[in-house]
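All remarks here apply to the structure that follows.
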Amino acid sequence: MSRLTVRKLFVLLGILVLFQVLLTSVMADEVQDPEQPIKNLQFQAAEIRSVLTFLADYGGVNVVVSPDVEGVVTIKLSDVHWRQAMSIIGRTYNLAVVDEEAGYIRVLPAEEYRKELTEQKKHDHEQRQLVELETKIVKISNSTAENIVKTVKSLMTERGQATADSRSNSIILQEVPSNMPIVMDYINELDKPARQIKISAQLLEISSQGLEELGVNWQIEGTYVTESGRIYNQKGELMANRGSDPVGRYTLGAIQKGWSADALVEALVSSGKGKIIAHPEITTIDNTEARIQMGQKVPVKQFDESGNVVIKFEEVGTILVVKPHITAENQILMYLKPERSTYQFDPNGVIINTNNAETNVIVENGQTAVIGGLTTQDEIESTVGLPILKDIPLLGILFRYTNRRTENRDLVIFVTPSIIGDDLAMGN
């Protein structure tokens, strides 16, 4: 070999070494901050194991690639994190990229990984069948054991058992030790003290004539001042919905913040246009039905399957069913079912006339919902005539007459829910 050829080889070798040093320097600069995205990641028909190793080196992590992982990779990505790039390659080439608890990344074919998971679940199942069950008695403080045990069973393994003891209000658990902490956390979450809601209701009866004197709409205006001092002008109305056939009509409204239902009721009563039937208050827990009933229990004859007469008592009067639920925004969603019924005797028995409705309304804590339009009809009979003369026996019939008239009465219900122990509750 000539001296010129040897000299060319040394020069070429020097260039390669310099290129390798520069490439290593550039890669070293990139590896300094693995959290920064790779600006340009491009491989053309590159060996997949080398690409995965490059990404692991960039991220400064350990990687173990299964011997079954083979093939070439062609990708072109920009501004991508090294871990994201590794996941993209895994999904594209049907590989599982698994972060192991020991702190390294394992790459293997996805089908092989699915088999591992299946075998692991089978192994865990066999271990649970062999392990001795753990027994605990859990005292329930804020609910009933019968209610909680039904949902607890859904979290237990096939060997686990949960039994409610009503005498001590406790749940007896038998479960594999590995699943017992999950069941206990679930019970503790369910046994938290339930929030309570006070339902305050005012039942106001207004004659139809008095209601018409109030106008078609009840309108109220006012201002609401927030805690920050901002002032809002407000206006609201409760539709009276008068018509040729008012029976069965039903309306619902809500009195806004800063307004008083008591003031409205007091104005109606003091003007003689209405009277307060009742002002009941009842407390219930969140998402539990409360029932207010005023009236009578009327005996109604019925026949059983054998044809025997059976007496059943039906409730007649004013009934209000309320089911409140506290929402995530600390508002109150109320299911309302007002009912007003009357009865009359018939040759065949008792006829019960019922006027009711069902609705859902969302109000603020301490805000008042107004229910109107529950109408009944009363027949009023009065004797009118000349004083003294109308009371003379026999002859008095010539000086008097009987006046019969029908009077419609509307029932308006004000319902105010307040969360007990909540600083956001407002008086009304």
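Scanning segment 120-157 for residues that are open to solvent by 60 Å² or more (accessible area, probe 1.4 Å) and over 20 Å from VAL176 (Cα atoms) turns up SER141, ASN142, GLU146, ASN147.
When segment 177-196 is filtered for residues that are touching a Ser or Thr at 6+ places or on another chain (Cβ under 6 Å) and open to solvent by 70 Å² or more (accessible area, probe 1.4 Å), only GLN196 remains. When the residues of segment 356-383 are filtered to those that are modelled with pLDDT of 70 or more, aliphatic (A, V, I, L, M) and in a strand (DSSP E or B), the one that is nearest to ARG400 (Cα to Cα) is ILE371. Within segment 75-118, the set of residues being among the hydroxyl-bearing types (Ser, Thr, Tyr) and open to solvent by 50 Å² or more (accessible area, probe 1.4 Å) comprises SER78, THR92, TYR93, TYR104, TYR113, THR118.
It is to be established whether one or more residues within segment 226-236 are open to solvent by less than 50 Å² (accessible area, probe 1.4 Å), assigned to a strand (DSSP E or B), more than 25 Å from VAL131 (Cα to Cα) and modelled with pLDDT under 60. Checked against the condition, which is being open to solvent by less than 50 Å² (accessible area, probe 1.4 Å), assigned to a strand (DSSP E or B), more than 25 Å from VAL131 (Cα to Cα) and modelled with pLDDT under 60, segment 226-236 yields at least one hit. Among residues of segment 322-332 being at pLDDT 90 or above and open to solvent by 30 Å² or more (accessible area, probe 1.4 Å), the one that is nearest to GLY372 (Cα to Cα) is LYS323.
The values are calculated or read from the model by the stated rules, or taken from the named source; none is laboratory data. Note that the structure is predicted; figures quoted are calculated from it, not measured. All Cβ positions, glycine included, derive from the backbone under ideal geometry; neighbour counts span all protein chains shown. What goes into the accessible areas is simple: the full protein's heavy atoms, side chains included, and nothing from ligands, DNA or RNA. Shrake-Rupley method; radii C 1.70, N 1.55, O 1.52, S 1.80 Å.
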